[in-house]
Amino acid sequence: MNGPFSLRHPLDGAVSAYPAVNANHVTIYPEPQAISVCALQGEEAAVAATLDALAGDGLRRVGPGEWLLVKHRADSALLSDIKAKTGASALVTDQSNGRVILTIEGPDCRAILAKIVPVDLHPDAYPVGHSGNVFFAHVSAGLARIGTDRFEISLMRSFALFAFEELMEMGLEFDLTAGFAT
Amino acid sequence: MASLITCPHCGTRPKEEFAIKGDASRTRPSPAASAEEWQKFVYIRDNPKGRNIEYWHHVLGCRRWLVVDRDTLTHEVFAVTDAAEHALGRAEGAR
């Protein structure tokens, strides 16, 4: 328990240091970046345009005028960039240490998620690029489809181990494996 | 109870994502109102059978307050609007 809080990843010890990688695999990003942005009333469209240009495919929708910017590998300039470009039109908070970012991919990832998430994940209903907060193993999690057979999940730090263990249990029948990104 | 609610921001979601606050048709009395009026507003609840409007909080989704127009008898959901829009509409109607 020594050292800064952020140095200890919540899923440390939950996966092997040398994991097997099957077709269905969960990748945990050890040092991700998550930035919460809330636009002030009336500034939603302008802030959305700024974030689109800055974050590109890392922009996750939370609610009206609220986003989470997710980068799988931290980009040290991003936070100050966003703060500078949104100025007084939005509230920007670094959530990197409060969030656990992982991706699940493979031919059966939709079948695995269907056991945890009560939302229609058919490509017509939840297309690539779609994102939002969903009911995930009884807690709230950000779910984004980043590929046909690839989803990104952002969990709150304190729920992360619980939700991760649920996910792995649901993946047992599909030989789901998990490991940290190298 | 209606088990699927179509959130205007998130799409069709199960009722487990929401917390229900109750009747959305009541208006808050003025601070100077009588004790009886406040007693009625804070503690007395109707148990309507049929169509009524309620506040629902999308706790596990967009975290917005919604106004759900639904029937407690048939479980039919007629409309779901953001509470901010609902309040705006009500303010305009009162004018």
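The set of residues in segment A:151-179 that are under 12 Å from the mean Cα position of the chain (by Cα) and either among the β-branched types (V, I, T) or assigned to a strand (DSSP E or B) (or both) comprises A:F151, A:E152, A:I153, A:S154, A:L155, A:M156.
Annotation note: of A:V26, A:V62, A:V37, A:V47, the sole residue that is closer than 20 Å to A:F162 by Cβ and either assigned to a loop (DSSP other than H, G, I, E, B) or touching a residue at least 12 places away in the same chain (Cβ under 8 Å) (or both) is A:V26. Of note, A:V15 satisfies the criterion of being in a loop (DSSP other than H, G, I, E, B) and among the β-branched types (V, I, T). Counting only residues that are outside any loop (DSSP other than H, G, I, E, B) and either at positive phi or within 14 Å of chain B (Cβ to nearest Cβ) (or both), segment A:80-136 holds 8 of them. Counting only strands (runs of 3 or more DSSP E) that fall entirely inside segment B:1-54 and contain at least 1 residues that are within 14 Å of chain A (Cβ to nearest Cβ) and in contact with a His (Cβ under 6 Å, 6 or more places away or on another chain), the qualifying elements are B:4-7, B:19-23. Evaluated against (1) within 14 Å of chain B (Cβ to nearest Cβ); (2) without any contact (Cβ under 8 Å) to a residue 40 or more places away in the chain, A:G56 falls short on exactly one condition, (1).
As a summary of the residue check, B:H75 satisfies the conditions (1) surrounded by 11 or more Cβ atoms within 10 Å (Cβ to Cβ); (2) within 14 Å of the chain's Cα centre (by Cα) except for the one numbered (2). Within segment A:65-79, the residues that satisfy the criterion of being away from every other protein chain (no Cβ under 14 Å), outside any strand (DSSP E or B) and in contact with a helix residue (DSSP H, G or I) (Cβ under 9 Å, 6 or more places away or on another chain) are A:H72, A:A74, A:D75, A:L78, A:L79.
Since every read-out is calculated from the coordinates, none of them should be taken as a lab result. A quick note: this is a predicted structure, and the numbers were derived from the prediction, not measured. Heads up, the Cβs are rebuilt from the backbone with ideal geometry, glycines too, and the neighbour counts pull from every protein chain shown.
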